[in-house]
Ligand SMILES: Cc1cc2nc3c(=O)[nH]c(=O)nc-3n(C[C@H](O)[C@H](O)[C@H](O)COP(=O)(O)OP(=O)(O)OC[C@H]3O[C@@H](n4cnc5c(N)ncnc54)[C@H](O)[C@@H]3O)c2cc1C
């Protein structure tokens, strides 16, 4: 259990951010213990601190450094790796009060934001200027830009627009000694010095606290046209995805759902997705080229799916219908939740190996006696096999954890990576070590020790000391 906060530290924290923004009531602080990954360990924070400015973050970091008390930075706590989970006696530093969109510069297509801005709020704000901030994790209506930066979050847009790092130009970061580091630039190009911006993107709160970000925007895409294709085998669905890639098509979205997801969503939404009883997988694609070009692109996607053996296809440029089809994809987790607790995994495999991953997950599910449903971002190979289990039963929780690890091993065997977007956190440290090997791990430790010699930030997360 976490120890009570040291009196001198408490005084310093209150002086730094004001007494109202230092929470020590155990009933309150316990709600900041963990993120959305049920199996990751979590300690009890001594205090939860909500700074309002970069200077306040500096003061908090200096106070914690002097007291030798670890800091766990936190956004909305929507993470799926335990990366924002508390360690005993730590200060959880919640950045949600720093939620100003400081600037939108339409002429240079740049936005400057504080870390606590909610992803959807930024997307909506730039849309008013005819601009687009692409990164769109499914949690976009509550996760923060600071969390997105720190996990290098992905989403449905990645097949065409990349992950968070592809939209970041520069950062402001409070380092472990309380100094402010400014990385990057606000120009389109720039190669001065090491790319420190990319070092901090995806560093999961282990190297410093991000207090401001300069983000690259794009012109707002056109309204999407949508295609859906149902396949009698996952092999045929996988072949369609491979062909789409090989033929040089870059849809704005390309998602896949296996039969378990399709059935769960149909039951949950009381609707038919048109997949038919024999459907083994559903592929949903979109084009944001607009007008005739958009329609032509989805028709081409449809033809490739038919050539690969699709048993049913349908395309539309009707916005409402497209939204409904996408809503089905977004409803996968809520639909699985009606069957039990869910534990979602995150592996990214070469796009030619997607079918093998889905088949392997079904086998793992059968062997451990649990349902494993697979959905994911087919266009970039990032799959989210999701294990459904009864969390109140210890044997099922153990079986779920076993399945989780076996899926990661399978992903690596297929030439993939143990995380495509959710991060390592406190659930995949050993898997990171396996994937990057001893030299990779040593290099990580050297960087960590150089920037945070006291081990102040998020100790024990991502890799062990
Ligand atoms: C239903 C659901 C769907 C999801 N879908 C997706 C998806 O499609 N794609 C995807 O990538 N993720 C997805 N996620 C995971 C999660 O939403 C993302 O990882 C998101 O980026 C986390 O943002 P957050 O604000 O909640 O950060 P938190 O969970 O609070 O923190 C995440 C990490 O960032 C660090 N951190 C936060 N703010 C800062 C800061 N200012 N400075 C330094 N470190 C900081 C924390 O220490 C932690 O390591 C999903 C989660 C849920 C629950």
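The values are calculated or read from the model by the stated rules, or taken from the named source; none is laboratory data. Keep in mind that what you see is a predicted model, and the values were worked out from it rather than measured. All Cβ positions, even for glycine, are placed from backbone atoms using ideal geometry, and neighbour counts span all protein chains on display.
Look at the range 124-140: where a residue is at positive phi and a partner is in a loop (DSSP other than H, G, I, E, B) and away from the ligand (no atom under 16 Å from the Cβ), sitting 6+ places away or on another chain with Cβ atoms under 6 Å, you get 130/220.
For residue 76, the criteria (1) touching a strand residue (DSSP E or B) at 6+ places or on another chain (Cβ under 6 Å); (2) assigned to a loop (DSSP other than H, G, I, E, B); (3) farther than 26 Å from residue 252 by Cβ hold in every case but one, which is (3).
Here's the yes/no breakdown for (1) closer than 30 Å to residue 279 by Cβ; (2) within 15 Å of the ligand (Cβ to nearest atom); (3) at pLDDT 95 or above:
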| position | (1), (2), (3) |
| --- | --- |
| 176 | no, yes, yes |
| 188 | no, no, no |
| 203 | no, yes, yes |
| 208 | no, yes, yes |
| 221 | yes, no, yes |
| 226 | yes, no, yes |
| 232 | yes, no, no |
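Please determine whether any residue of the range 240-251 is within 16 Å of the ligand (Cβ to nearest atom), at pLDDT 95 or above and within 26 Å of residue 422 (Cα to Cα). Within the range 240-251, not a single residue is within 16 Å of the ligand (Cβ to nearest atom), at pLDDT 95 or above and within 26 Å of residue 422 (Cα to Cα).
Conditions (1) free of Cβ contacts under 8 Å to residues at least 24 places away in the same chain; (2) within 30 Å of residue 222 (Cα to Cα), marked per residue:
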site	(1), (2)
323	yes, yes
338	no, no
354	no, yes
358	no, no
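Taken over the range 182-201, the criterion of being closer than 22 Å to residue 73 by Cα and either surrounded by 15 or more Cβ atoms within 10 Å (Cβ to Cβ) or touching a residue at least 40 places away in the same chain (Cβ under 8 Å) (or both) is satisfied by 183, 184, 196, 197, 198, 199, 200, 201. Applying the criterion of being within 11 Å of the ligand (Cβ to nearest atom) and assigned to a loop (DSSP other than H, G, I, E, B) to the residues of the range 100-129, the residue that is nearest to residue 186 (Cα to Cα) is 114.
All of 104, 71 fail the test of being touching a residue at least 12 places away in the same chain (Cβ under 8 Å), within 27 Å of residue 4 (Cα to Cα) and over 19 Å from the mean Cα position of the chain (by Cα), apart from 71.
Yes/no per residue for (1) surrounded by fewer than 19 Cβ atoms within 10 Å (Cβ to Cβ); (2) out of contact with any strand residue (DSSP E or B) (no Cβ under 8 Å at 6 or more places or on another chain):
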{"residue": "300", "(1), (2)": "yes, yes"}
{"residue": "311", "(1), (2)": "yes, no"}
{"residue": "318", "(1), (2)": "yes, yes"}
{"residue": "326", "(1), (2)": "yes, no"}
{"residue": "332", "(1), (2)": "no, no"}
{"residue": "337", "(1), (2)": "yes, yes"}
{"residue": "343", "(1), (2)": "no, no"}
{"residue": "346", "(1), (2)": "no, no"}
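Those helices (runs of 4 or more DSSP H) of the range 301-383 that lie entirely within it include none in which at least 2 residues are more than 16 Å from the ligand (Cβ to nearest atom), modelled with pLDDT under 95 and closer than 18 Å to residue 154 by Cα. In the range 141-167, of all residues being assigned to a loop (DSSP other than H, G, I, E, B), closer than 17 Å to residue 120 by Cβ and more than 8 Å from the ligand (Cβ to nearest atom), the one that is modelled with the lowest pLDDT corresponds to 157. Residues in the range 74-89 that are within 24 Å of the chain's Cα centre (by Cα) and more than 11 Å from the ligand (Cβ to nearest atom): 87 only. Here 57, 48 are screened, and the one residue that is more than 9 Å from the ligand (Cβ to nearest atom) and surrounded by 19 or more Cβ atoms within 10 Å (Cβ to Cβ) is 48. Is the range 411-434 home to any residue that is touching a residue at least 60 places away in the same chain (Cβ under 8 Å), surrounded by 17 or more Cβ atoms within 10 Å (Cβ to Cβ) and in a helix (DSSP H, G or I)? Yes, the range 411-434 contains a residue that is touching a residue at least 60 places away in the same chain (Cβ under 8 Å), surrounded by 17 or more Cβ atoms within 10 Å (Cβ to Cβ) and in a helix (DSSP H, G or I). Condition check for residue 404 on (1) out of contact with any helix residue (DSSP H, G or I) (no Cβ under 8 Å at 6 or more places or on another chain); (2) surrounded by fewer than 19 Cβ atoms within 10 Å (Cβ to Cβ): one failure, at (2).
Number of residues in the range 205-218 that are surrounded by fewer than 23 Cβ atoms within 10 Å (Cβ to Cβ) and farther than 20 Å from residue 122 by Cα equals 0.
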